[in-house]
1. What do you reckon, is residue 86 part of a strand (DSSP E or B) and of a type in the set (S, T, N, Q)?
2. Name, by its number, the condition in (1) under 21 Å from residue 81 (Cβ atoms); (2) in contact with a Leu (Cβ under 9 Å, 6 or more places away or on another chain); (3) not hydrophobic (A, V, I, L, M, F, W, C) that does not hold for residue 185.
3. Consider residue 98 carefully, then state whether it is at pLDDT 90 or above and open to solvent by 80 Å² or more (accessible area, probe 1.4 Å).
4. Taking the range 64-83, which residues are of a type in the set (D, E, K, R) and either under 15 Å from residue 129 (Cα atoms) or not in a strand (DSSP E or B) (or both)?
5. Against the condition touching a helix residue (DSSP H, G or I) at 6+ places or on another chain (Cβ under 9 Å) and either open to solvent by less than 30 Å² (accessible area, probe 1.4 Å) or among the hydroxyl-bearing types (Ser, Thr, Tyr) (or both), how does residue 118 come out, does it pass?
6. Given the criteria closer than 30 Å to residue 181 by Cα, hydroxyl-bearing (Ser, Thr, Tyr), in contact (Cβ under 8 Å) with a residue 60 or more places away in the chain and in contact with a strand residue (DSSP E or B) (Cβ under 8 Å, 6 or more places away or on another chain), does residue 86 qualify?
7. Only residues that are in a strand (DSSP E or B) and either without any contact (Cβ under 8 Å) to a residue 40 or more places away in the chain or over 13 Å from residue 95 (Cβ atoms) (or both): list them for the range 48-63, please.
8. Could you please find all residues in the range 62-80 being modelled with pLDDT of 90 or more and among the polar types (S, T, N, Q)?
Amino acid sequence: MMHLSPKYVILFFLLLTLCISCTKDIDFDQAREYQFNPVVESSLVFFNESANAFIDQGAEVEIVQDFIFIDFFNDDFIVDNVEKISFNFETQNSINRRFELQVDLYDEALGLQDSFVVIQEASSDGQNEIASHVEVFEDERLVALKNTHIILFTLRLLPGPNIDETTSGRIELKSKAVFYFEIKDVAL
C-alpha cells in the first residue's frame, strides 16, 4: 500500500478545491471598453525684452507682432479626440506702461476664426507686475480653433509715459497650450 505524505494530501485537496470552486465568467470584450484622459502641454509663444527694445532709430515702437503656423489640426487623431484646449499666459511687466497682447486666430484663407486680448498693468515702481490669463476653447470656440492655421500675436504698448533708451524695466510673456483629450474605444 502506498503511503502519501500529509503535505501532498493537503496540496491535492487545495488544487481540487480551486478547480471546482465558483468562478465568474470573464468578458474579454470589456478590454475594448476603455477611456483615457491625457493632458498634453506645448509651448506657445515666449517674449522677453527690455524697455529699450521698443525704441527704433530714436522713436518709440508701440506695436510688435509675430505669428506662428500651426498644423497639428491636420492630424485626425487630434481633431477627433481633443475635448478642450486652453491657452495659458503669464505676463510680467516692470515698465511704467500698460500693454495688451491681442491673439488672432486665422484659417488658411486668412479668415478670422477667433480673437482675444490679454491686458497687463504697468509697474509704477519698477517692480514686476505679474498677471496670468487663461483662454479656454470648448464647443464652438474649439471648432474655430481646429480651423486655425495661423496665430497672430500683437503686443501693443498702451498710452503712458514715453519710453526712450534710458527707460529701465522689461516685459516678459510666457504661454503654453494645454490639450485635454478623451480617448475611448480606439481599435487596437
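1. Working: part of a strand (DSSP E or B): yes; of a type in the set (S, T, N, Q): yes.
It is true that residue 86 is part of a strand (DSSP E or B) and of a type in the set (S, T, N, Q).
2. Unmet for residue 185, out of (1) under 21 Å from residue 81 (Cβ atoms); (2) in contact with a Leu (Cβ under 9 Å, 6 or more places away or on another chain); (3) not hydrophobic (A, V, I, L, M, F, W, C): (2).
3. Numbers: at pLDDT 90 or above: yes; open to solvent by 80 Å² or more (accessible area, probe 1.4 Å): yes.
The answer is yes for residue 98.
4. Quick first cut of the range 64-83, residues of a type in the set (D, E, K, R) only: 66, 71, 75-76, 80, 83.
Listed by number, the residues that qualify are 71, 75, 76, 80.
5. Details: touching a helix residue (DSSP H, G or I) at 6+ places or on another chain (Cβ under 9 Å): no; either open to solvent by less than 30 Å² (accessible area, probe 1.4 Å) or among the hydroxyl-bearing types (Ser, Thr, Tyr) (or both): yes.
Answer is no for this residue.
6. Values: closer than 30 Å to residue 181 by Cα: yes; hydroxyl-bearing (Ser, Thr, Tyr): yes; in contact (Cβ under 8 Å) with a residue 60 or more places away in the chain: yes; in contact with a strand residue (DSSP E or B) (Cβ under 8 Å, 6 or more places away or on another chain): yes.
Yes; evaluated as a whole, the condition is true for this residue.
7. Applying the first criterion (in a strand (DSSP E or B)) to the range 48-63 yields 48-50, 55-56, 59-60, 63.
Of everything in the range 48-63, those that are in a strand (DSSP E or B) and either without any contact (Cβ under 8 Å) to a residue 40 or more places away in the chain or over 13 Å from residue 95 (Cβ atoms) (or both) turn out to be 56, 59, 63.
8. 65
The values are calculated or read from the model by the stated rules, or taken from the named source; none is laboratory data. This one's a predicted model, so the numbers in the text were calculated from it and none came from an experiment. Please note: Cβ atoms are built from the backbone with ideal geometry, for glycine as well, and neighbour counts cover all protein chains shown. In case anyone asks, the SASA skips ligands and DNA or RNA and just uses the protein heavy atoms, side chains included. Shrake-Rupley method; radii C 1.70, N 1.55, O 1.52, S 1.80 Å.
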